[in-house]
Every structure is written in structure tokens, then in C-alpha cells.
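Any read-out appearing in this document is the output of simple, stated calculations on the displayed coordinates, not a laboratory observation. These numbers come from a predicted model, not from an experiment. Neighbour counts are summed over all protein chains in view; Cβ atoms, including those assigned to glycine, are modelled from backbone coordinates with ideal geometry.
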Amino acid sequence: MAVEFGTVAEWTADVVDELGDEYAIVAGCRGSGDPALLDWLAQACEVGPESALLDVGAGLGGAAAWAAEAYGVNPVLVDPMEAACRAVRRMFDRSAVCARGETLPYADNRFDVVWCIGVLCTVHDKPALLRELCRVLRPGGSLGMMVLVAGSGLHSEVPDGNEFPSADELRGLVAEAGFAWRRLSETPSGSTPTEWRRRADRVDELLAKRHGDDPRWQESEQRSQMLSHLLTTRQVTAQLVHAVKSVGSVP
Ligand SMILES: C[S@@+](CC[C@H](N)C(=O)[O-])C[C@H]1O[C@@H](n2cnc3c(N)ncnc32)[C@H](O)[C@@H]1O
């Protein structure tokens, strides 16, 4: 995973340098987000220009940059990978704080909205991560997540570093961390705009052209192919979560 979220992050920023700024958001969302998914999260969480939004595990910053452009918000980005944080600065001229979601450098109740997109299934101590997201969220504030969830027939190999919760486990984890459930919904599918897809393909082509012979690229490609097999065979589904911090929850 260090390759995927580290080395490939730097390579992606290089590719955006060559292709132009209009490729940055798409390149920065490589892997998880597209406009329909992000719009679902933004609307569910009622993101607006005044929202204090924290994106935990922000990766290359595409989701946060999309929210800034589409909803006028000024998000705070956190990711534990230094290379990803550097790529955010290069691609979006924004700073990203290098920290793990389990130990966030923020005061209690600091944010109106916390996003955590495609991260929970890469973290072993899920209760610790969710408790920390809850701690920094104000009571009544919104948690928006995209989580890869295991179906009952999961039998294929899982890329290491991933531990997919079942839908029931996810519901329990979120509630135990101090949230009240609002919605769990499968990600909207088949609605990626043509231009978005064209740019994503262009980024992938250029990455493959430049680094296709590099074992680190091959490792990252192998991991994405394993994930896409799990998704297309529905052994795993991508679920969107909206929950709110319960008013009585600690702190
Ligand atoms: C699949 S990527 C998703 C990136 C981004 N949220 C997106 O949607 O494009 C998972 C991200 O989680 C980050 N991550 C891994 N462990 C983490 C942790 N303990 N706390 C916060 N982020 C973590 C990785 O560095 C990586 O950037």
C-alpha cells in the first residue's frame, strides 16, 4: 500500500504537470471517487461554503478539491502518507496534514463534517479510527464515508492491507463509536460523466506508458485488478454511509 499511496502519488502529480490542471481532480480521485458518489456525500452531509469539513485519508486530495470547487467549502485534508501530502500540494496548491486518522491533531468537536472515503477497509483498528472521527466532529455533525463491504460469498484473494467489514459489522462499528445512523446506500453506478472517464483513462495511459515496466506500478495495477474483480463479481460492494454524531456522545 505504501507503493499505491506513496510512489504512485508522486507519479500522478508528475502526470498532471504534463496534462494540465484540468486533469488534477480526476487524477486525485483515482480509485474511489466520481462526481455522483461525491455529490451523494456532499448533499447527505449538507456541505456548504461555511462548513468546517475534514477529509481523513484524503489521499491525493481529489475528493476535497472537488468539494471545494462544487460546494465552495475550504476543506482540511489529512493523510498518513507523506508522498500523498506532497502530491496534494503540487496538484491543488493546498496543504495536507500528515497524520493517521486514529490520532488526529485537532480539538474535540472542531468540525461540522468529516469525510473518510475508501479508508476504513484499509485500517485494522476500525473502532479507534471511528472513535477519533467522532471526537473531532461536533454533536449533530455529519460523517460521510465510502466503505468497501464484504458480501456473504467473499472467496477470492483480497489485496493485502484490506479488511472488509460486513454490512452488519459496519453498522455496529459506526453506532458503537457514538454515531446515529442516517443512510447506507450502494454507490450510484454507471453515471460517471464521459469527460471524467476520458480524463481518468488519459491519466492511466500516461502512468502506464511512463512506469509500465516498473515493478511498483505492476504491483499497484495488480492490486487494483484484484479489487475490481471483487467489485464486478459483487463479492464486495462500495457502500456510502451517512451518520451523525449523537448529541449525548463523549466528548
Ligand atoms: C483508497 S485511498 C482513498 C484516498 C481518498 N480518500 C480518495 O477517495 O481518493 C486510502 C487512503 O487512506 C489512507 N490511509 C491509510 N491508513 C490510514 C489511517 N490509519 N488513517 C488515515 N488514512 C489512512 C491512505 O494513505 C490512502 O491515501
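Tabulated data for the structure shown
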quantity: Solution diffusion estimate, µm²/s, Stokes-Einstein, segment 1-139, Kirkwood Rh from C-alpha pairs, 10 °C, viscosity 1.306 mPa s; calculated: 106
quantity: The chain: angle of helix 82-92 to the longest principal axis, Cα-based, in degrees nearest 10; calculated: 80
quantity: Protection proxy ranking, peptides 124-131, 38-45, average beta carbon neighbours within 10 Å, highest first; calculated: 38-45, 124-131
quantity: Summed residue charge, Cβ within 10 Å of Pro188's Cβ, Lys/Arg positive, Asp/Glu negative; calculated: -3
quantity: DSSP-defined antiparallel bridges as percent of all bridges, the chain, nearest 5; calculated: 50
quantity: Segment 2-243, Cα convex hull volume normalised per residue, Å³; calculated: 111
